[in-house]
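Have a look at the structure below, then the notes.
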Amino acid sequence: MTDDPDVFPCTRCGKAIYHAQTYCPHCGLELYPQGGDEVPAAPVIPAPRQPSFFRQCWRRLIGLEARENNLYLELLQRVNFNQERAQYLLDAERALAPEVSRSRLLTRVIAKLDGGG
């Protein structure tokens, strides 16, 4: 929030308030309801949550798509951006290995173009 020791977050709305204030100017929470001079305890900040299973899968999927896009761009560069030739090479490789993922197919075609496969 801030390094100022006189500022702390409101326990209701979380906005910055000063110790000298008796109520939160943002939400109206009375800070010292008994009229005492105690400083209200700082709220407990929960630990960051782990992303949900769905969100983890989505991030992994986005990462795979980005990798496939990069591999496809690399293949297009190798064939001078001739999309028909790139698709022909992918189809020929797919015929040899129908169970292989698209990113693995792209990797295999690029390796063969480099003379390594």
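Residue order for Phe8, Phe81, Phe54, fewest other beta carbons within 10 angstrom first, comes to Phe54, Phe81, Phe8.
Taking only the C-alpha atoms of the stretch 55-117, Rg followed by Dmax gives 12.4, 39 Å.
Rule-based calculations on the coordinates, nothing more; no lab input. For clarity, every value in this text was computed on a predicted model and none was experimentally measured. Here the Cβ is made from the backbone with ideal geometry for all residues, glycine too, and neighbour counts use every protein chain on show.
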